[in-house]
Amino acid sequence: MAVSLPYPALHATHGGIWVASAGGEVRALGRGEAIARAAETPIIMLNAPLIGQRLGYPELSGLDLLELFAFVFPARFAVPTPKGLAHALGLAPPRDDAEAALFLRRAAEALLERMEAADWPEREGAWASAQSLHRLRWSWAPAVTAQLKRPERDERWLFSKLPEWEEGAPRPQPRPASVSEDESVERLASLTGRDAEPRQGQRDYAATATSAFAPRTREGEPHLLLAEAGTGIGKTLGYLAPASLWAEKAGGAVWVSTYTKALQRQLDRESVRLFPDPRERKAKVVVRKGRENYLCLLNLEDALQGGFSGRAAILAQLIARWAAYTKDGDMVGGDLPGWLTSLFRRAGSTALTDRRGECVYAGCPHYRKCFIERSARASQNADLVIANHALVMVNAVRGREAGNAATRIVFDEGHHLFDAADSTFAAALTGQETIELRRWIIGPEGKSRGRRRGLSARLMDVASYDEAGAMALEAAVQAAGLLTGDGWLQRIGEGMPFGPIEKLLAAVRGTVYARASAQDAGYGIETEMAELDGAIVGAAAPAVEALELLLRPLVALGKRLEAVLEDAPDWLDAQARARIEGAIGGLGWRIQSLSAWIALAARIGGPADPDFVDWLTVERVDGREYDIGIHRRWLDPTRPLAETVLKPAHGVIVTSATLRGAEGWEAADARTGACHLDSPARHFSADSPFDYAANSEVLIVTDLRRGDLASLAGAYARLIEAAGGGTLGLFTAIQRLKAVHARIADRLARAGLPLYAQHVDPIDTGTLVDIFRDEPRASLLGTDALRDGVDVPGHSLRLVVMEGVPWPRPTVLHAARKAAGGGSAYDDRVVRARLAQAFGRLIRRRDDKGIFVLLSAATPSRLLNAFPAGVPVSRVHLAEAIERVRSGLSTASALGHQAQDVTVPEGFA
C-alpha cells in the first residue's frame, strides 16, 4: 500500500536551502524561515545535526531519515547523502539540490512501505521496538507504528534470541609445518583466478613470504621478513596465500594485524576468496578488536530499562534493533553505521561499551551471549584472526591469552609499527587515569550513574570465602580513596587539592604554567621533567607512598585469587571460575600500570633514565583543561616491541608500501624492532607496477606567503574549482582547516562542488570518506587521519593539496628523539614518510591520474625523493598550478571518467 506523508521535507547545503511541501511544491528559502518552519512543524530531513550546523541552529531536530533507515534496515549501511540513500533504496537519485528536497519525501515513503513487504528480513522485533520508541516520543514513531501490525505471538526479547557461544577444548599447539614457494604461488593463483593478469611482483612476494612460516630453529629468534610492496602489487593476497596454507597444515592461527579499520574491512572482504562458503568463513576468519569496540549487553540492558533518558534512550532502542542483526557486535568500524551515534551527538554511545574495565565476566547474565567473549572464543579455532597492532601488542604484554598465543603474525601497514608500540608501551600518571582506577576498585560514587560494579561487588563471594583475600580487598578499597576523585579538576583549579595524588597533580600544573609561553594560550601545554622546584619534588614522595599503599593489597589479592583457583571450593562453578580469571587478568595489567606510575613519580627530582622520555602536561581544548599528568615514553619503543611481541613469535612479516622509503633497510630495521633481534631480518621489495611518471605530477606553489590565511583559503578554493572537486585537502593544524573551510564552503557549493571537513562536520571520519568516495564532485578537508589509510580509488580522488610541509610538532618527546636520531636528518625522515603516505592516496589503480600540490615555497629539495621515482616535480606560481590542474583534471573529464571507472582486478589488493 502506498504511503503518503503529510510532512514537508527540508534540504540544506552550503549553497542554499530548499523545502518540499506535502503537495510536492519545491522552493528556496532563507535560514530564518527554514529554522522557523522546522521549529513549528515536523519536517523530514537527512542528518539533522549536519542540517542544523548549516542553518546555524545546532539544536535542530525533526524527522531524520537516517534514524528511520536505521530502524528499517539495522546492520545495513547507506552513504548518508540523498544520492547514497537513493542507491541503498533502489530509487533514482535527485538531479540537483532542489530536487533533493522532494526526494527526501519519496525516500521516507519508500522506507515506510518497505515495512509492509512480506520479505522484509528485519521484521522480527520491529513491533516491540516501535512501541518502546513511541513511549519515548520518537519523532518517527506514529508513522512507523501505523505501518506495523501486532504479531500474532509475542516477539522474543533481544537477550533471549541472541545465540550463545559454546565452550570448546583448548586448541593444541600448531604442528611444525613448512610451506614451499611453489605451493604458495599455486595457492595465490587459485585466489586471484586462473584468468587473472599475471603480476610477477605478487608472485615473488607470495614465494618470499613463505620464509616466515618455516619452523623456528632457536627460541627468541623468529623468522622475520620485512617486505615493501608498492601500491598495486597485491600484497594482501601475497601473504594470505602462504598464511592460509600454513594454517591448514599446522592447525594454527595466523594473526594479521592492521593499523586502520579500513584495512581490517578490506581483509574481511578478501577472505571471501579463501572461504567462499559463508558458514566456513565465519568459522575460519575472525575479526578481533579491543573490548571497547564492542557492544556490552549488560550496559545495553541498563540503558533500555531506564538508565538512559531523552535522546540517549532512543539511541539505545535503535542500537538494540541493530544488536539483533549484527554480525559481531562491533560498534566501531563494524556493521553499525558510523553516522548513527553522531545523529545523537554521541549521547550515551560510549556508555554502551566496556570502556572502563568493569566487565563482571561470568557474573553477567548475558555472559554466554557476549559479543566480546564470542569473538575471543571464535579466534581460538580460526585460521585467520584479523586484529590491529594495539590489540596484538596488548595481548602480548598482558599475557591474557597465553593459551592462544600468536606464533605467526603479519603486521600490515607496518610503517605504523613504531607509532603503535609507542602508544602501547607508554605510561601516564594523570588525573583521568587515576580516577578510572579508583572507580574500577570502589565503583560509582555519589551521584554517579551506573551499576555497583566496583571490585568489592564483583568479588563479594570470594571475599566471604577467603579471609586473607577479603582483607586485601578491603585494604585496596581504602587505599583507592587516596586517588583523584570526582571534581578533582575544579579543586586543583581553586587551589584546594585533596589527597596526595591531587596535590602532586596541582604541583605539576603549577610547574607547567610557570614555564608556558604566550603562544601556548588555548592549547595543551607541556614541559620537560627536569630542573624541578621544591614544591613538586616535595609532593612526589607522599604520592609514591599512596600508590605503593594501593599496589601492595592488589598484588596480595591477585595471589589469593590464584590460590582460590588452585584449591577450588565447592561453590566454584565454571561461571565463578571465569569471573575470578577475569579479575586476575584485570588486576594484572592494573598492577603493571601502578608500578609504572610509581616509577614515574619516584623519578621526580632524581636522575633521568636514558631509556625513557618523561614530561609534564596540562591537556586543554579551546583553553579548557581536561587532564593533568606526567607522561613517559620509551626513547625507542621498538625495544619492548622486540622483547614482548617479536621474540616470542615463530614467524613475523612486517609489510607496507612505504616500509623503507628513501632511507633504506637500515632505517626499516630500526623502525620495526628488527635491529634488536639476534638474527637478521630478511628483506624483500617489489616496486609498484603503476606508471607514476605518466599519470601523476607534483606541483610546489612558490608564491603563497606563509601565514596569509586569506591567500591560503583562496588557493584551496581555486584549485578545487579547477579540478571540479575530487580533492583531498590536508592540514597540519585543525584551526587552519576550520578557518579555510569557513571561507570557501559557500563559494564552492554555489559552483556545485560540495565540501566536507573533518573536525567541522558532525560526521565520523569513516563516513566522511564514504561520502567523498561516493561523490566525484565533492572534496574533503582533514588532518593526519586522512593522510594515511584512506583508500579512494578511481576519479573521486584526483587532486591532493597539502597546506605545507608536514614538519613534526616540536614536543618534548620529539625533541628527545630528534637529538638521539641524528638531528635534522630525523625530521627529514619523518617528513618524507608523511609526504609518501599523502601522495599514496592519489594513485590507487593502474588507470588513475592525479596531481599532488604542496602549498609551500620553502620545500627543501632534499625531501623530494619521498615521491616515486620519475614523478615530475615542478616549482610553479599558483596561477600556473591552477591551469595545470584545470587542463589535467577538467570537470568534463571527471564526469566522463566516473562512468568509465574500472573495478579492481582480481587479486589487486
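The values are calculated or read from the model by the stated rules, or taken from the named source; none is laboratory data. Remember, it's a predicted structure, so these values are computed and weren't measured experimentally. Reconstructed Cβ throughout: ideal geometry from the backbone, glycine too, with neighbour counts over all protein chains shown.
The residue that is farthest from residue 807 (Cα to Cα), among those in segment 731-747 that are surrounded by 20 or more Cβ atoms within 10 Å (Cβ to Cβ) and in contact with a Ser or Thr (Cβ under 7 Å, 6 or more places away or on another chain), is 737. For segment 39-47, the condition of being buried (at least 16 other Cβ atoms within 10 Å of the Cβ) and among the hydroxyl-bearing types (Ser, Thr, Tyr) holds for none of the residues. Assigned to a loop (DSSP other than H, G, I, E, B), over 24 Å from residue 667 (Cα atoms), modelled with pLDDT under 95 and assigned by TED's automatic domain parsing to the domain that holds residue 660: which single residue out of 220, 252, 232 fits that description? Answer to the check: 252. Tell me, please, whether a residue that is buried (at least 23 other Cβ atoms within 10 Å of the Cβ), part of a strand (DSSP E or B) and touching a Leu at 6+ places or on another chain (Cβ under 6 Å) can be found in segment 655-678. Checking segment 655-678: not a single residue is buried (at least 23 other Cβ atoms within 10 Å of the Cβ), part of a strand (DSSP E or B) and touching a Leu at 6+ places or on another chain (Cβ under 6 Å). Just one of the listed residues (23, 15, 30) is buried (at least 16 other Cβ atoms within 10 Å of the Cβ) and at pLDDT below 95, and it is 15. Of the helices (runs of 4 or more DSSP H) lying entirely inside segment 106-198, those containing at least 1 residues that are surrounded by fewer than 17 Cβ atoms within 10 Å (Cβ to Cβ) and among the charged types (D, E, K, R) are 126-135, 158-161, 181-192. Take the conditions (1) surrounded by fewer than 22 Cβ atoms within 10 Å (Cβ to Cβ); (2) more than 20 Å from residue 660 (Cβ to Cβ); residue 230 misses just one of them, which is (2). When 624, 632 are checked against the criterion of being among the basic types (Lys, Arg) and touching a residue at least 40 places away in the same chain (Cβ under 8 Å), a single residue qualifies: 632.
Residues checked against (1) under 27 Å from residue 612 (Cβ atoms); (2) part of a loop (DSSP other than H, G, I, E, B); (3) touching a residue at least 60 places away in the same chain (Cβ under 8 Å):
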| site | (1), (2), (3) |
| --- | --- |
| 486 | no, yes, no |
| 491 | no, no, no |
| 497 | yes, yes, no |
| 502 | yes, no, yes |
| 505 | yes, no, yes |
| 509 | yes, no, yes |
| 514 | yes, no, no |
| 526 | yes, no, yes |
| 530 | yes, yes, yes |
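Inclusion of residue 834 among residues that are in contact (Cβ under 8 Å) with a residue 40 or more places away in the chain, surrounded by 17 or more Cβ atoms within 10 Å (Cβ to Cβ), closer than 30 Å to residue 633 by Cα and of a type in the set (Lys, Arg) is warranted. In the set (1) within 21 Å of residue 6 (Cβ to Cβ); (2) touching a Gly at 6+ places or on another chain (Cβ under 7 Å), the condition left unmet by residue 97 is number (1).
Among the candidates 245, 226, 237, the residue that is within 27 Å of residue 692 (Cα to Cα) and not in a strand (DSSP E or B) is uniquely 237. Tallying residues that are within 30 Å of residue 216 (Cα to Cα) and either in the same structural domain as residue 64 (by TED's automatic domain parsing) or touching a helix residue (DSSP H, G or I) at 6+ places or on another chain (Cβ under 8 Å) (or both) within segment 142-178 yields 8.
Contact annotation: residue pairs with Cβ atoms under 7 Å, 6 or more positions apart or on different chains, pairing a residue in segment 719-737 that is in contact (Cβ under 8 Å) with a residue 60 or more places away in the chain and assigned by TED's automatic domain parsing to the domain that holds residue 889 with a partner that is of a type in the set (D, E, K, R) and assigned to a helix (DSSP H, G or I), are 722/886; 730/787.
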